[in-house]
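The values are calculated or read from the model by the stated rules, or taken from the named source; none is laboratory data. What you see is a predicted model; the values in this text were computed from it and never measured. Positions of Cβ are generated from backbone atoms using ideal geometry, with glycine treated the same way; all protein chains shown enter the neighbour counts.
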Amino acid sequence: MTNALITGANKGIGFAAAGQLGRSGVKVLVGARDPRKGTDAVELLRGQGVDAETVTIDVTDPASVSAAAAIVQKSHGHLDILVNNAGVLPEVTAADRVGGPVDLQMFRDTFDTNVFGAVAVTEAFLPLLKAAPAARIVNVSSTMGSLADQADPESGYYGMVLPAYQTSKAALNSMTIAWSKALADTPIKVNSVCPGWVKTDLGGPDNKAAAPMTPDEGASIITQLALIDADGPTGGFFDRSGPVPW
């Protein structure tokens, strides 16, 4: 059976992607830092008819990542789909975003999850991905990390100034390109996606109230890239409308 590990899958976009992949016939491994929250999410997914189990994983903790990879190795022997979804956006006040002093600790915390966490998880699970017939890696990024959009006054993202978050997503996009090159001689495909502005806890309560899209709508591009066939792209950046400029 095809299986998929989604980090940060106990809520929001990750949970929505788990449901969509599960309803497509994929066995879903719900990655969650909190075992109880992971178990609760699995129960909800099973209530929807999804074949799901939880995997405790804190992407910022190397020991947790290694332990999770060992569990999946023992239980499944391979991994078909990896979705690096876990992410943080701590810049929730105007002072955080622009005009104030740079908070280096906030940058470190953001990169620990959004970049170093994705790198740690991908590298730990790479042997399992290589053991699958044709694995897929989907990195959940953001158009706010697009350098082209940040510099284009005509872009709807031009006015967004969240430097820690934006630079972390730009770095994740760069890793997508690097992995696609490193894995070019394998059937593995690696892509970045932007789910859009989605009603989630990311960015605080104001985001949940203002965002126009549901988690299911945002997760659709994750599901699409996770299920691409051999003719699908690799090393690209996409949203629901198509390619996104780097």
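For the range 185-207, a residue qualifies if it is touching a strand residue (DSSP E or B) at 6+ places or on another chain (Cβ under 9 Å) and at pLDDT below 90, and the qualifying residues are G196, W197, V198, K199, N207. For the range 99-190, the helices (runs of 4 or more DSSP H) that sit wholly inside it and include 3 or more residues that are within 20 Å of T60 (Cα to Cα) are 104-111, 118-131, 163-182. The set of residues from the range 146-163 being modelled with pLDDT of 95 or more and among the small types (G, A, S) comprises S146, A148, A151. Selection of the range 127-157 for residues being under 26 Å from I188 (Cβ atoms) and among the small types (G, A, S) yields A131, A132, A134, A135, S141, S142, G145, S146. Hey, does the range 5-12 have a residue that's hydroxyl-bearing (S, T, Y) and more than 16 Å from I71 (Cβ to Cβ)? Looking through the range 5-12, none of the residues is hydroxyl-bearing (S, T, Y) and more than 16 Å from I71 (Cβ to Cβ).
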